[in-house]
């Protein structure tokens, strides 16, 4: 059947050192090879982040997005703990890891074998759990751009972005004690709006949003100091907060 590959081992290509590069098995039907960026031509290699995937990366789940491609992958740290990582790519070849809320910057701790689909702005994930033969289910808005943690804060909160200074992306965390309408906007030092990261209603919880250093037209902004502001109002209109913090983009 077209699109269904039958696999065979090619002894002369097995292992990283052979003509097949990093691949150990190849499909009987031909695939066009393209530019690759990792060790021995792999598109994603372990150790580059120095975080949750120090010793191994494997088992990717990739979906096509409006911006390019999104990948959730298995990473093994130097303590032999499995975690799920997240990366983005414009061409499916050159990938950039994006930090999450898990230990060492992973998206989900002690997990592996992810399968992901998207419906509108809602992402749905099915994944295995480290040390157990079960399948878990999770949902997320805008992939790991917006992550929901398990506990609920007591008050509204806007935390300092990290890393700061940053290049190319940084994470902003915030907390909502009750369901609220949330708006997070990046401004330049002249008070001009650069991009609106969040403008929607959220349930109570802790969240994070990633800014990739681009403006609302998709262009990278210049190095310098920027301001991010959160305005949150509960759905009943009884509570409203405004918080402002600075961040520094270096290139």
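The values are calculated or read from the model by the stated rules, or taken from the named source; none is laboratory data. For clarity, every value in this text was computed on a predicted model and none was experimentally measured. Cβ coordinates were reconstructed from backbone atoms using ideal geometry, including for glycine residues, and neighbour counts include every protein chain displayed.
Laid out as a table, the results:
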| read-out | value |
| --- | --- |
| Answer residue from region 164-173, given it is surrounded by fewer than 19 Cβ atoms within 10 Å (Cβ to Cβ) and in a strand (DSSP E or B) and is modelled with the lowest pLDDT among those | 173 |
| Residues that are surrounded by 14 or more Cβ atoms within 10 Å (Cβ to Cβ) and modelled with pLDDT of 75 or more, drawn from region 149-161 | 156, 157, 158, 159, 161 |
| Condition check for residue 57: out of contact with any helix residue (DSSP H, G or I) (no Cβ under 7 Å at 6 or more places or on another chain) and part of a strand (DSSP E or B) | yes |
| Residue in region 210-219 that is crowded, with 18+ Cβ neighbours inside 10 Å, at negative phi, touching a helix residue (DSSP H, G or I) at 6+ places or on another chain (Cβ under 8 Å) and touching a residue at least 60 places away in the same chain (Cβ under 8 Å) present | yes |
| Filtered residues of region 110-128 (kept if assigned to a strand (DSSP E or B) and at pLDDT below 80) | 119, 122 |
| Residue within region 90-100 that is modelled with pLDDT of 80 or more, surrounded by 14 or more Cβ atoms within 10 Å (Cβ to Cβ) and touching a helix residue (DSSP H, G or I) at 6+ places or on another chain (Cβ under 9 Å) present | no |
| Filtered residue count, region 84-99, keeping only those that are outside any strand (DSSP E or B) and within 11 Å of the chain's Cα centre (by Cα) | 1 |
| Strands (runs of 3 or more DSSP E) within region 174-227 that include 2 or more residues over 16 Å from residue 162 (Cβ atoms) | 180-188, 193-202 |
| Test for residue 228: is it modelled with pLDDT of 90 or more and farther than 20 Å from residue 88 by Cα | yes |
| Residue in region 88-95 that is under 20 Å from residue 138 (Cβ atoms) and in contact (Cβ under 8 Å) with a residue 24 or more places away in the chain present | no |
| Residue count, region 111-132 (criterion: touching a helix residue (DSSP H, G or I) at 6+ places or on another chain (Cβ under 9 Å) and either surrounded by fewer than 19 Cβ atoms within 10 Å (Cβ to Cβ) or not assigned by TED's automatic domain parsing to the domain that holds residue 62 (or both)) | 1 |
| Qualifying positions in region 133-148 - at pLDDT below 75 and surrounded by 14 or more Cβ atoms within 10 Å (Cβ to Cβ) | 140, 141, 142, 143, 144, 145, 146, 147, 148 |
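Condition check ((1) modelled with pLDDT under 90; (2) surrounded by 14 or more Cβ atoms within 10 Å (Cβ to Cβ)) across all residues:
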position: 177; (1), (2): yes, yes
position: 188; (1), (2): no, yes
position: 222; (1), (2): no, no
position: 235; (1), (2): yes, no
position: 247; (1), (2): yes, yes
